[in-house]
1. Which fully enclosed helices (runs of 4 or more DSSP H) of the stretch 175-276 have 2 or more residues being touching a residue at least 40 places away in the same chain (Cβ under 8 Å), touching a helix residue (DSSP H, G or I) at 6+ places or on another chain (Cβ under 9 Å) and closer than 25 Å to residue 147 by Cβ?
2. What are the residues in the stretch 62-85 that are farther than 23 Å from residue 183 by Cβ and part of a helix (DSSP H, G or I), if any?
3. Quick check on the stretch 360-413: of everything there that is out of contact with any strand residue (DSSP E or B) (no Cβ under 8 Å at 6 or more places or on another chain) and more than 30 Å from residue 92 (Cβ to Cβ), which residue is surrounded by the fewest Cβ atoms within 10 Å (Cβ to Cβ)?
4. In the stretch 277-304, which residue that is in contact (Cβ under 8 Å) with a residue 24 or more places away in the chain and out of contact with any helix residue (DSSP H, G or I) (no Cβ under 8 Å at 6 or more places or on another chain) is surrounded by the fewest Cβ atoms within 10 Å (Cβ to Cβ)?
5. Sort out which residues of the stretch 125-147 are farther than 19 Å from residue 375 by Cα and either modelled with pLDDT of 95 or more or buried (at least 22 other Cβ atoms within 10 Å of the Cβ) (or both), and write them in order of number.
6. For the stretch 159-174, indicate whether the set of residues that are loosely packed, with under 14 Cβ neighbours inside 10 Å, free of Cβ contacts under 8 Å to residues at least 40 places away in the same chain and either in contact with a helix residue (DSSP H, G or I) (Cβ under 9 Å, 6 or more places away or on another chain) or not in a helix (DSSP H, G or I) (or both) is non-empty.
7. So which residues in the stretch 13-39 are assigned to a helix (DSSP H, G or I) and in contact with a strand residue (DSSP E or B) (Cβ under 9 Å, 6 or more places away or on another chain), if there are any at all?
8. Any residue that is in contact (Cβ under 8 Å) with a residue 60 or more places away in the chain, under 30 Å from residue 18 (Cα atoms) and either touching a strand residue (DSSP E or B) at 6+ places or on another chain (Cβ under 6 Å) or part of a helix (DSSP H, G or I) (or both) - is there at least one of those in the stretch 88-101?
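The values are calculated or read from the model by the stated rules, or taken from the named source; none is laboratory data. Computed from a predicted structure; not experimentally measured. Glycine also receives a Cβ, built like all others from the backbone with ideal geometry; neighbour counts cover every protein chain displayed.
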């Protein structure tokens, strides 16, 4: 299926066999076999050379599909029926004109969250940011009535159980998900769908022009029962696909700033450019993303040393943590001065600009980048302005089982807070 045959690393991928730390395992395979190799099944072709990574990002969607590869990954966790017949897809709700709506909901969510926290207490950083992410997302595409009170609590429980990102955060658990025929996930999807369908019912007669109205309006030609359920399912898909990494990026930005009090004080003082650079740097450093393209038609691919013929059925991949931290001197350490605006300050040090990224390159950059950076910047500044924060851990480890997305923390990350 790949001609000539590249070296094959003697390792399974974590959804095919036990791999305690897939990023470390692939780093070892690269050290042994070079910048181009396959896994033991020869179904995955990994590219790490500058020319290989550049060629990866240049692949056309109709030839080697990111969408197909991503859906195949997520279907290890999410019930198949969630993807059937959707009329709203996540990338359709992140136009420039929508950012203002998101930021208004973010400001509202920050106020509600501050009310919940009260003047003093103890929080876990990543639990806190995950809950905030749920609140921002649901307020945006399901209305604020779904983002506060008992309905919000029920939705949080259901969406956490349904969490599509577990396909790459805990790939080691996907065997059990398959053996249960996704029973827990189907129960959670039923709860989330019914809660959101009630929100659709409440919307009728009070239409506006926000994101939720637009989602529901796409089902206006359907019978009432079908319309309420399918609009709810559209909301679930948008939420699962859009919010899986925002909370992690925000969490690491908080953690990395708390480890640098002088820099945190600058952000608290209103240095938004620094806050955004910190967000970009935390996302870059804590990436564990495997980038995938499912080959749909025969292609030829040049890695700079060898030209390969690749047949349909192969998945082409690269792994951000193996390039983000090693493509130029100094990139192995967290330093927001690496950034000039939203670009690396000195890309001339890179053999290919595609070797380092926070939000992607080529035909598939993350459409939520403007909102994500604005949200992280506002949220971390708000937290630092409202509270005196004291971290109770000196080191936070990344979850070793993860292969995809921004890293989750392996351990609790407790912080004491007191209102300023």
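1. Details: elements: 183-203, 211-217, 224-242, 246-258, 261-268.
Hits in the stretch 175-276: 183-203, 211-217, 224-242, 246-258.
2. 66, 67, 68, 69, 70
3. My answer is 394.
4. Ranking the qualifying residues of the stretch 277-304, first place goes to 297.
5. 146
6. From the stretch 159-174, those loosely packed, with under 14 Cβ neighbours inside 10 Å are 160; that's our starting set.
Checking which are free of Cβ contacts under 8 Å to residues at least 40 places away in the same chain leaves us with 160.
Imposing the further condition that a residue be either in contact with a helix residue (DSSP H, G or I) (Cβ under 9 Å, 6 or more places away or on another chain) or not in a helix (DSSP H, G or I) (or both) reduces the set to 160.
For the stretch 159-174, residues loosely packed, with under 14 Cβ neighbours inside 10 Å, free of Cβ contacts under 8 Å to residues at least 40 places away in the same chain and either in contact with a helix residue (DSSP H, G or I) (Cβ under 9 Å, 6 or more places away or on another chain) or not in a helix (DSSP H, G or I) (or both): present.
7. Looking only at the stretch 13-39, we keep the residues that are assigned to a helix (DSSP H, G or I), and these are 22-33.
Of everything in the stretch 13-39, those that are assigned to a helix (DSSP H, G or I) and in contact with a strand residue (DSSP E or B) (Cβ under 9 Å, 6 or more places away or on another chain) turn out to be 22, 23, 26, 27, 29, 30, 33.
8. Checked the stretch 88-101: no residue is in contact (Cβ under 8 Å) with a residue 60 or more places away in the chain, under 30 Å from residue 18 (Cα atoms) and either touching a strand residue (DSSP E or B) at 6+ places or on another chain (Cβ under 6 Å) or part of a helix (DSSP H, G or I) (or both).
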